[in-house]
Amino acid sequence: MKIPILIITSLLLQQVLAQDDPCKFNCFHPTINDTNYKPIPSKYKHALNCSWQFAGLNINSNPNSKSQLKLSGYSLISYQFNHQSKAWKKQLELYDESGFLWITDSLFIPEKDLTRIKSAISRTSDKPIKLQITSSFQTQKLKGFTPITDSLGIKAPRQSSGFQSPGSFLLNGGLEFQPGKIGSIELSLASGKVMWMLNKQLYSFQNTTELYGISIDKQYKIEGGLNLQSKLEKAFSSRLRWEHTSTWFYPVSKGGDADIQIRNAVFWKPSTTFQACLRTTYSYNETRFPPGTWTGELSLGYVFVKNP
């Protein structure tokens, strides 16, 4: 009796071991081809965007420098990380901009120096308008210079900014509007802004007692107001794309200053790695003279984009 039992057991074991997947034999869970199988969507998303540009045409609103040839090079690195659950959507953005400006037979100075860390949290919803809380910190990494002309007519650099001079922190609470897939508009009904100056030598370099709205006898300035931020983009084709970013801060507290930054760019990509860009920037700040300035540049360079 023992011999038939051993033979039957041996045959069953051979059938089990002959399967590519033992689970197919005993069917304890559905296979990948089962119609009941539903993959779990990823809750994490990230994107990396890097570009290195060389601008051969650079003009600005200063009438004394329009006739000069200016060359500039800069790099843009942007990383975005998103996490979405059933109740909350969390976003983190790291942005860095670095570059230089060379005025022929005159100056070679750093410019476009900005590092920003931005975070946002909002309720998970399919509605186009939802509540959102954002915070952002930004500073300049290196020494910043502005070109000046001395009594002999020679241009020379003069330091105007430095690391965390100025630095700023912005806390916003308001609404986020997403008009389809074109981008997002953030309207902060309650916004607080803190600016500080760590390097007090900048006041003597500029021969002034106030820089960026902060007096020489103070370390920081606190403002409250309304804040509007927009980030829009539109692809006209696989090679032509438009991008717009802006920040509007209107103070409601005493001693506050209006601050506006508007950027528009048109990108043309004849290949996956080569890019031409026409970029304009408008900046307005009540603490400087003239309060409104603009720049425009045509640049060529290399771009790298990594999306999962």
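For the range 112-133, which residues satisfy the criterion of being within 28 Å of residue 77 (Cα to Cα), of a type in the set (S, T, N, Q) and more than 13 Å from the chain's Cα centre (by Cα)? Result: 122, 124, 132. Annotation note: Cβ proximity below 7 Å between a residue of the range 122-149 that is of a type in the set (Val, Ile, Thr) and in a strand (DSSP E or B) and a residue that is open to solvent by 60 Å² or more (accessible area, probe 1.4 Å) and modelled with pLDDT of 85 or more (sequence gap 6+ or interchain) occurs for 129/175; 129/177; 133/121; 139/163.
Of the residues making up the range 213-222, those that are assigned to a loop (DSSP other than H, G, I, E, B) and out of contact with any Lys or Arg (no Cβ under 8 Å at 6 or more places or on another chain) number 3. Would you be able to say whether some residue in the range 289-308 is in contact with a helix residue (DSSP H, G or I) (Cβ under 6 Å, 6 or more places away or on another chain) and open to solvent by 40 Å² or more (accessible area, probe 1.4 Å)? No, the range 289-308 contains no residue that is in contact with a helix residue (DSSP H, G or I) (Cβ under 6 Å, 6 or more places away or on another chain) and open to solvent by 40 Å² or more (accessible area, probe 1.4 Å). Answer yes or no: is there a residue in the range 255-264 that is free of Cβ contacts under 8 Å to residues at least 40 places away in the same chain, among the small types (Gly, Ala, Ser) and within 21 Å of residue 54 (Cα to Cα). No; the residues of the range 255-264 include none that is free of Cβ contacts under 8 Å to residues at least 40 places away in the same chain, among the small types (Gly, Ala, Ser) and within 21 Å of residue 54 (Cα to Cα).
Say whether the condition of being in contact (Cβ under 8 Å) with a residue 40 or more places away in the chain, open to solvent by less than 20 Å² (accessible area, probe 1.4 Å) and more than 27 Å from residue 219 (Cβ to Cβ) is met by at least one residue in the range 163-180. Scanning the range 163-180 turns up at least one residue that is in contact (Cβ under 8 Å) with a residue 40 or more places away in the chain, open to solvent by less than 20 Å² (accessible area, probe 1.4 Å) and more than 27 Å from residue 219 (Cβ to Cβ).
In the set (1) surrounded by fewer than 16 Cβ atoms within 10 Å (Cβ to Cβ); (2) hydrophobic (A, V, I, L, M, F, W, C); (3) in a strand (DSSP E or B), residue 198 fails one condition alone, (3). Of everything in the range 254-275 that is open to solvent by less than 40 Å² (accessible area, probe 1.4 Å) and modelled with pLDDT of 85 or more, the residue that is farthest from the chain's Cα centre (by Cα) is 258. Restricting attention to the range 227-235, does a residue exist that is under 21 Å from the mean Cα position of the chain (by Cα), surrounded by fewer than 17 Cβ atoms within 10 Å (Cβ to Cβ) and hydroxyl-bearing (Ser, Thr, Tyr)? Yes, the range 227-235 contains a residue that is under 21 Å from the mean Cα position of the chain (by Cα), surrounded by fewer than 17 Cβ atoms within 10 Å (Cβ to Cβ) and hydroxyl-bearing (Ser, Thr, Tyr).
Restricting 174, 180 to residues that are under 30 Å from residue 120 (Cα atoms) and assigned to a strand (DSSP E or B) narrows the list to 174. Do we have residue 278 as among the aliphatic types (A, V, I, L, M), under 25 Å from residue 95 (Cβ atoms) and open to solvent by 80 Å² or more (accessible area, probe 1.4 Å) here? In short, yes.
Consider the range 207-226 and keep the residues that are free of Cβ contacts under 8 Å to residues at least 12 places away in the same chain and among the polar types (S, T, N, Q). The one that is surrounded by the most Cβ atoms within 10 Å (Cβ to Cβ) is 215.
The values are calculated or read from the model by the stated rules, or taken from the named source; none is laboratory data. Please read these numbers as outputs of a predicted model, since none were measured by experiment. Every residue, glycine as well, gets a Cβ built from its backbone with ideal geometry; the counts of neighbours run over all protein chains shown. When the accessible area is computed, the model is the full protein with side chains, heavy atoms only, and any ligands, DNA or RNA have been set aside. Shrake-Rupley method; radii C 1.70, N 1.55, O 1.52, S 1.80 Å.
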